[in-house]
1. With a 1.4 Å probe and every protein chain left in place, tell me how much accessible area Tyr93 has, in Å² to the nearest 10.
2. Give me the dipole magnitude in Debye, nearest 20, for region 191-264 about the Cα centre, with unit charges on the beta carbon: positive for Lys and Arg, negative for Asp and Glu.
3. Arranged from highest to lowest average of other beta-carbon atoms within 10 Å per residue, in what order do the peptides 98-108, 154-164 appear?
4. Rounded to the nearest 10 Å², what accessible area does Lys222 show when all protein chains are kept and the probe is 1.4 Å?
5. Provide the packing ranking of 230-236, 120-126, i.e. peptides ordered by the mean count of other C-beta atoms within 10 Å per residue, highest first.
6. Which cross-chain or sequence-distant (5 or more) residues have an amide H under 5 Å from the amide H of Gly275, H modelled 1.01 Å from N in plane?
7. What nm distance separates the two modelled labels at Asn316 and Leu182, each placed 7 Å from Cα along Cα→Cβ?
8. In the full protein assembly as shown, how much of Val309 is accessible to a 1.4 Å probe, in Å² to the nearest 10?
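The values are calculated or read from the model by the stated rules, or taken from the named source; none is laboratory data. Remember, predicted model here, so these are calculated numbers, not experimental data. Every residue, glycine among them, receives a Cβ derived from its backbone with ideal geometry; neighbour counts consider all protein chains shown. Side chains are part of the model used for accessible areas, which takes the heavy atoms of the whole protein and leaves out ligands, DNA and RNA. Shrake-Rupley method; radii C 1.70, N 1.55, O 1.52, S 1.80 Å.
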Amino acid sequence: MADTRPRPPAGQTQATTDPAGDGQELQSTEHGVLVHEVPATTTEREFTVQRRSQTQMIIRRFLAHKLAVGSLVVFLLMVIISLIGGRFWKYGYADITDEFSSPPSLAHPMGTDDIGHDSLAQVLRGSQKSVQVALMVAFLSTAIGAFIGALAGFYRGWVDAALMRFTDLVLTIPSIAILAVLAATLANQAGNWFFVGLVLSLLLWTYIARVVRGTFLSLREKEFVEAARALGASDTRIMFRHLLPNATGSIIVNDTVTVSVAILTETALSYLGLGIKSPDTSLGLLISTGQQAATTRPWLFYFPGLMIVIIALTINFVGDGLRDAFDPTQTRVRA
């Protein structure tokens with residue numbers, strides 16, 4: 001049976017009531033078709049994904065890693081305490097008190113050694129030097145490794161071969177042997193934290209160089225690089241403006257490993273007498289001097305060791321969180 005209801009003029013709509021009795025209004029189009037006008041619902045808003053930048057997604061993924069966030073907070077607190085905490089403590093690391101081999105107490109929370117040094121002041125000083133060495137190694141080795149890896153991965157050919165053979169040569173050099181030789185020839189400088197950090201930086205850049213080289217090899221043939229070349233961009237601009245930012249994630253993750261390795265290496269060197277030396281101190285040197293009293297005065301050995309363990313663990317956990325955050329396979333983040 002033909003529809004005898006009046007039709008609205010062309011370009012207009014007419015509201016009627018749904019014959020099914022649900023009370024919804026029907027809109028009649030210019031062609032006479034009755035349609036529902038569906039309002040925006042909460043379901044639509046629920047499945048609406050807010051657009052985020054890559055940086056925002058990385059931050060959200062990292063914040064979702066609770067262990068990494070907690071480790072980062074602990075590590076930053078330890079860095080702040082180690083760098084400025086000694087200035088607010090009533091004893092200096094070189095001060096000698098009248099309490100000898102005193103166990104932990106309210107006056108000396110980490111006890112004293114056989115000479116009367118406050119162990120807390122010495123642990124703060126040792127942590128400061130270890131952190132300074134680690135941060136110096138992180139920044140300097142990253143700069144060296146990123147530069148060499150970028151040149152090798154971008155230019156390939158004989159440049160890549162020469163730089164990678166040099167990298168392999170540095171990898172075979174043991175840092176302990178190098179510092180042992182330098183300690184014998186440059187006795188006045190070998191015990192300085194800056195000198196130790198400089199030598200470690202010149203030996204620990206190789207891992208970052210390999211990571212940057214691999215990233216550059218995979219990206220140099222991409223379309224955006226070809227577009228940059230077509231627009232007249234120089235090799236330097238392409239390397240450091242277009243390619244290096246894409247390697248930032250891998251560099252940051254490997255930096256955390258480098259910091260951990262630098263702290264443990266400096267500890268081992270100081271323990272062997274090849275790192276920071278008296279009258280200054282470091283965590284490794286404190287462990288070395290306290291090992292003989294580990295059974296009779298355990299606080300001299302275990303407190304510096306605990307600091308090293310906490311620093312190394314927090315850095316490793318932060319590295320795990322950064323690795324997951326920069327993982328390119330994790331691209332979907334819900335609001």
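1. We get 70 Å² for Tyr93.
2. Using Cβ point charges on Lys, Arg, Asp and Glu, region 191-264 gives about 80 debye.
3. So the peptides 98-108, 154-164, ranked by packing, come out 154-164, 98-108.
4. Per-residue accessible area (Lys222): approximately 90 Å².
5. Details: 230-236: 10.0, 120-126: 25.1.
Highest-to-lowest ranking by the protection proxy: 120-126, 230-236.
6. Ser270
7. 2.6 nm
8. We get 80 Å² for Val309.
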